[in-house]
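For reference, the structure I am asking about is given below.
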Amino acid sequence: MRQGSEELGRLIDAVIDGRCDEASQRRFEELLRNDPAAREAYLDQMKVHALLEWHHGRVEPRVDRSGTGSGAERGGAWRWSHGRLRWGLAALALLGVGLSLLALRSGRLGGGGEVATLLEARNVVWGEAAPIAVKARVAPRAIRCTSGLLRFAFDSGALVTLEGPADLRILSGMRLRAVQGRITARVESETKGFAIETPSTLVVDQGTEFGVEVDANGRTGVVVFEGLVDLSRPKSAATAAEVTRLVQGEALRVDREGGLSRIIAVERPPGDNGWSTGPSLEPDAVIRSVRDNIRGLDSSKYYQVVHRGLDDDAPAYVDRPHEWNGLDPSGLPAFLRGADYIMPFNEDKWRNDLEITVELACSASLFVFLDNREKVPAWLAEQFTDTGVDIGLDEGSWPDPSRFTTDRGPGVSINQVFSVWRRDVNQGESINLGALMGGRNNRAMYGIAATVRP
């Protein structure tokens with residue numbers, strides 16, 4: 001079956017690309033007719049996605065006439081038109097998802113066979129669905145729990161963490177359907193196409209790590225931690241569905257009617273797959289919340305709040321692989337280690353009208369890290385005091401983050417030096433931080449951190 005699977009995968013590729021000749025079409029029909037395993041795997045993918053094709057037709061990128069790139073590249077809408085797809089392939093495959101193709105090539109999806117292993121079950125209170133033992137193999141099935149954490153390793157290469165309360169179904173080794181719950185998926189780069197369906201959207205991974213949250217009202221939150229995803233909002237047959245591409249550092253919420261809103265902040269502990277949105281519920285949090293003055297969908301960027309996470313090699317921005325480090329082998333200064341800190345969006349360095357509001361949960365020292373190449377903004381000089389201490393930013397191998405594998409640790413590969421500014425703040429106080437001064441000439445966005453004030 002392995003050789004036949006690879007051949008069938010190549011034929012499906014040809015069909016999708018419109019280069020399948022008559023002889024290849026006859027061979028494709030022969031494989032489906034004579035090989036039950038190939039037919040079963042193919043039909044498994046068709047059960048759900050053929051419905052999308054029926055309602056929404058073929059997916060085609062909207063032509064961009066502005067000269068600034070395709071609609072998909074700019075996160076724009078896609079046009080769905082009722083077209084005939086010879087083999088009834090899902091609309092997702094035309095987006096480059098290739099779910100059926102991946103299943104057939106790898107041999108890791110069968111007709112309802114085991115597709116994953118439960119690696120961890122932490123404080124799980126099971127719901128109606130039968131419990132699963134740790135290290136047990138899992139076939140497509142329903143999973144319901146009222147609390148706790150479950151971590152699955154899918155044979156397709158996806159590592160999936162589920163936080164309760166949760167109600168979802170494993171449909172195959174490449175697809176989940178979520179009614180409620182918070183899911184984090186990390187997918188190997190060669191396994192693009194892992195998909196999560198929710199009541200309001202379809203989220204398709206294009207590599208590497210993303211989160212999906214379905215709340216009790218059926219709203220879907222989508223957060224991209226690394227790589228990118230395609231977010232599809234199918235509507236009625238009479239209304240064009242839309243596909244939005246989200247990249248690292250972006251997050252959106254989709255309501256049940258398909259409406260979009262921005263997720264402003266994401267809280268994520270260091271070294272943990274857990275995350276949440278909204279003001280912090282951590283009992284010992286120093287930073288309670290962060291927001292800005294960007295309205296509506298003028299931005300889809302989020303701030304990541306990391307409690308007790310500032311240390312050497314801590315990631316600095318949500319959209320760059322840069323890291324904070326001490327300037328010498330002694331590392332970051334002791335008064336900063338273990339601080340709550342905020343990962344902003346580095347490209348906000350160019351926003352002249354930016355205003356960031358940080359709310360503190362306790363009496364704290366609030367710090368701003370300013371690139372020494374930048375002019376000192378008036379708001380910083382008036383409200384903060386320069387501590388005289390500097391820290392470093394390691395930019396790694398940017399703009400090729402895949403090469404960011406060495407040069408780690410304090411005092412190693414420091415590319416830029418930042419001065420540390422401080423202001424003491426009372427419990428519950430909110431502080432407004434402004435924009436940098438140089439416009440398009442600014443080099444790096446500032447950093448933000450806070451520690452408990454003695």
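The values are calculated or read from the model by the stated rules, or taken from the named source; none is laboratory data. Note that this is a predicted model, so its numbers are computed, not measured. Cβ coordinates were reconstructed from backbone atoms using ideal geometry, including for glycine residues, and neighbour counts include every protein chain displayed.
Mind checking which residues of region 317-367 are part of a strand (DSSP E or B) and either without any contact (Cβ under 8 Å) to a residue 24 or more places away in the chain or out of contact with any Asp or Glu (no Cβ under 8 Å at 6 or more places or on another chain) (or both)?
Hits for region 317-367 are 340, 341, 342, 343, 358, 367.
For region 123-156: of the residues being under 20 Å from residue 185 (Cβ atoms) and among the β-branched types (Val, Ile, Thr), which is surrounded by the most Cβ atoms within 10 Å (Cβ to Cβ)?
The extreme case among them is 143.
Can you pull out every residue in region 363-412 that is at pLDDT below 95 and either of a type in the set (Val, Ile, Thr) or touching a helix residue (DSSP H, G or I) at 6+ places or on another chain (Cβ under 6 Å) (or both)?
397, 405, 406, 412
Looking at residue 208, is it under 28 Å from residue 140 (Cβ atoms), β-branched (Val, Ile, Thr) and surrounded by fewer than 24 Cβ atoms within 10 Å (Cβ to Cβ)?
yes
Go through region 171-191 and give me each residue that's among the charged types (D, E, K, R), more than 13 Å from residue 151 (Cα to Cα) and surrounded by fewer than 23 Cβ atoms within 10 Å (Cβ to Cβ).
Result: 177, 188, 190.
May I pose another question? List every residue pair whose Cβ atoms sit under 6 Å apart, with the two residues 6 or more apart in sequence or on different chains, where the first one lies in region 167-196 and is in the same structural domain as residue 124 (by TED's automatic domain parsing) and hydroxyl-bearing (Ser, Thr, Tyr) and the second, anywhere, is assigned to a strand (DSSP E or B) and surrounded by 24 or more Cβ atoms within 10 Å (Cβ to Cβ).
184/211
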